1. Between beta-carbons, use under 15 Å as the cut-off and find the net charge around A:Ala54, counting Lys and Arg +1, Asp and Glu -1.
2. Arrange the peptides A:117-123, A:52-58 so that the one whose residues have, on average, the most other Cβ atoms within 10 Å appears first.
3. Taking the Cα centre of the range A:5-118 as origin, work out the dipole magnitude from +1 charges on Lys and Arg Cβ and -1 charges on Asp and Glu Cβ, in debye rounded to 20.
4. Could you give the dipole magnitude of the range A:161-216 about its Cα centre, charging the beta-carbon of Lys and Arg +1 and that of Asp and Glu -1, in debye to the nearest 20?
5. Lys/Arg Cβ at +1, Asp/Glu Cβ at -1, dipole of chain A taken about the Cα centre: which of A:Thr198, A:Phe41, A:Ala74 is farthest positive-ward?
6. Where is the GNM fluctuation largest for chain A (alpha-carbon springs, 10 angstrom cutoff): A:Ala112, A:Ala192, A:Ala149?
7. Ignore the peptide's own chain and count Cβ atoms of other chains within 10 Å of each Cβ in A:96-105; give me the average, rounded.
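Each reported figure results from applying straightforward, stated rules to the coordinates on display, with no laboratory input. All values reported here derive from a predicted model rather than from experimental measurement. Cβ coordinates were reconstructed from backbone atoms using ideal geometry, including for glycine residues, and neighbour counts include every protein chain displayed.
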Amino acid sequence: MADALVYLYAVTDADHPEPAVDAGVDGAPVRRLVAGGLAAFVSSVDPVRFSEEALRRSLEDLQWLETTARAHHAVVDAVARGGPVAPVRFATVYLDDDRVRDLLAERGAAFAAALDRVRGRVEWGVKGFAVPSAAPAEPDAAPGAGPGASYLARRLAERNRAAKGQEEALAAAEAVHRELAAAAAASRRYPAQDPRLTGRREEMVLNAAYLVADDGPLRRVVEQHADGPVQLELTGPWAPYSFATLEEQ
Amino acid sequence: MTLATQQAPGHDIALVDLLDRLLAGGVVITGEITISLADVDLVHVSLRALISSVSTLVEP
């Protein structure tokens, strides 16, 4: 049988505390590799199930995706509780431990810079949904208009109202984002989630992540907009998934 | 069925929120030393799977 592959979750300072997590992806124990003043948290994984070809297939399998994503997150989350962490993109797999150590040595300065950016900070997510506009006022039919014309006028008014509502919600979401970003060290926008996945009828008009040392100012912005045209939802704290990036060397 | 459950601290995290971060966030390592899915659009592939699964579940 081929040797195990090495699944990489995250990179931290070398002296990072031991994460409190029983197992990682595929039920594998989590280990630490150290090189160049950094630590990498990894698991040995099955060389067949985690081959490139198998991963490509598995990514389309919802059950595998959910189980593996949650296991990956459990490790990153546990590691993040101990200090600054640079989470690595989902499904990053190495051929062996030495290649992970090579990575730490070769990209050490970039990882150290990434860890410094998130040190003492956490990520919060904010999602905004357009609040459905209030019941329409009955549009006045043009004097002398027949029933067909007033029907059309009503439909047109309805459509205009919906378009205007969406425009207003999007503009309000932009304004909220600017306020949230001003209360954060960094921010990142994500595409709106598909309504089939959110399970909500309201349109998502904001999907963003904010990196903060203190979530107080962020919460205050959310509270200030409680009665606004965009319904805001806060998620977190998250490990800084959205903000761990390596500068190009 | 919906994949989006409300998140209580430390409890259920909506899969869709988690996937935003896992598939589009995190450090991307390119080069010869990794088994690379770097050329795979993880978000596209996985969300297609998710949406088709959800549609299957929702439709009679």
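1. Overall, the nearby charge balance is -3.
2. Values: A:117-123: 18.3, A:52-58: 13.9.
Highest to lowest by the protection proxy: A:117-123, A:52-58.
3. Dipole magnitude for the range A:5-118 comes out near 200 debye.
4. 240 debye
5. Projecting each Cα onto the dipole axis, the largest value belongs to A:Thr198.
6. Per the Cα network of chain A with a 10 Å cutoff, A:Ala149 tops the list.
7. 2
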